1. Tell me, in nm to one decimal, what length is gained between T44 and A5 on full extension, where the rule is 0.36 nm per residue of separation less the Cα-Cα distance?
2. Across segment 6-12, in residue order, what do the Karplus-derived ³J(HN,Hα) couplings come to in whole Hz, using 6.51 cos²θ - 1.76 cosθ + 1.60 with θ = phi - 60° and x for Gly and Pro?
3. Segment 12-50: which trypsin sites (Lys or Arg not before Pro) are DSSP loop and have at most 14 other beta-carbon atoms within 10 angstrom?
4. What is the sum of charges, Lys and Arg at +1 and Asp and Glu at -1, for the other residues whose Cβ falls under 11 Å from the Cβ of L12?
5. Work out the length of the dipole vector of segment 2-93 about its Cα centre, built from +1 on the beta-carbon of each Lys and Arg and -1 on the beta-carbon of each Asp and Glu, and round it to the nearest 20 debye.
6. From the backbone phi of segment 23-36, what are the Karplus-calculated ³J(HN,Hα) couplings (6.51 cos²θ - 1.76 cosθ + 1.60, θ = phi - 60°) in whole Hz, Gly and Pro given as x?
7. Please give the solvent-accessible surface of E37 in Å², to the nearest 10, using a probe radius of 1.4 Å with every protein chain present.
8. Using only alpha carbon pairs under 8 Å that are at least six residues apart, calculate the relative contact order of segment 2-93 and give it in whole percent.
Amino acid sequence: ELNLAGNYLHRLPEEVTSLLHLQSINLSRNRFRRFPEPLAAVTTLETIDLEENEIADVPAEKLATMASLRSLNLRANPVGPEARLLVRPLVPFDLLLSPEEPVPKA
């Protein structure tokens, strides 16, 4: 388990892929704008917490290849409606998202 919450991180080093027994990573309350790509190569990951970052797009295809992944928390991220529609049918794990904000009427 690796807890890097609240560290103002905006990227992960490739070396995270060498953590061969990593099952859970907490990256909440950081500054990620994109899903940290090196995580997709960590085959043992079961839980990823990315709550309260700045992630708007989700790499659904890469996430779908993560066989051990059971839960991905993306609450309090500006995930767009397109990403929400694409991800849900592709991923076999629990995807936690904040409710969509209603679109203000002009």
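1. Working: separation 39, 0.36 × 39 = 14.04 nm, distance 1.98 nm.
Full extension of this stretch gives 12.1 nm more.
2. Once θ is set to phi - 60°, the couplings for segment 6-12 become x, 10, 6, 6, 10, 7, 10 Hz.
3. Details: sites: R29, R31, R33, R34; in loops: R29, R31, R33, R34.
Those that pass, being in a loop and sparsely packed, are R31, R33, R34.
4. Values: positive: R11, R34; negative: E14, E15, E37.
Local net charge: -1.
5. Working: 10 positive and 11 negative charges, 35 e Å.
It works out to roughly 160 debye.
6. Once θ is set to phi - 60°, the couplings for segment 23-36 become 10, 9, 9, 10, 10, 5, 6, 10, 10, 5, 9, 10, 4, x Hz.
7. Counting only protein heavy atoms, E37 exposes about 80 Å² to solvent.
8. Values: 178 pairs, mean separation 23.1, N = 92.
Relative CO of segment 2-93 lands at 25 percent.
The values are calculated or read from the model by the stated rules, or taken from the named source; none is laboratory data. Model, not experiment: these values are computed from the prediction. Cβ coordinates were reconstructed from backbone atoms using ideal geometry, including for glycine residues, and neighbour counts include every protein chain displayed. These accessible areas exclude ligands, DNA and RNA; they are computed on the full protein's heavy atoms, side chains included. Shrake-Rupley method; radii C 1.70, N 1.55, O 1.52, S 1.80 Å.
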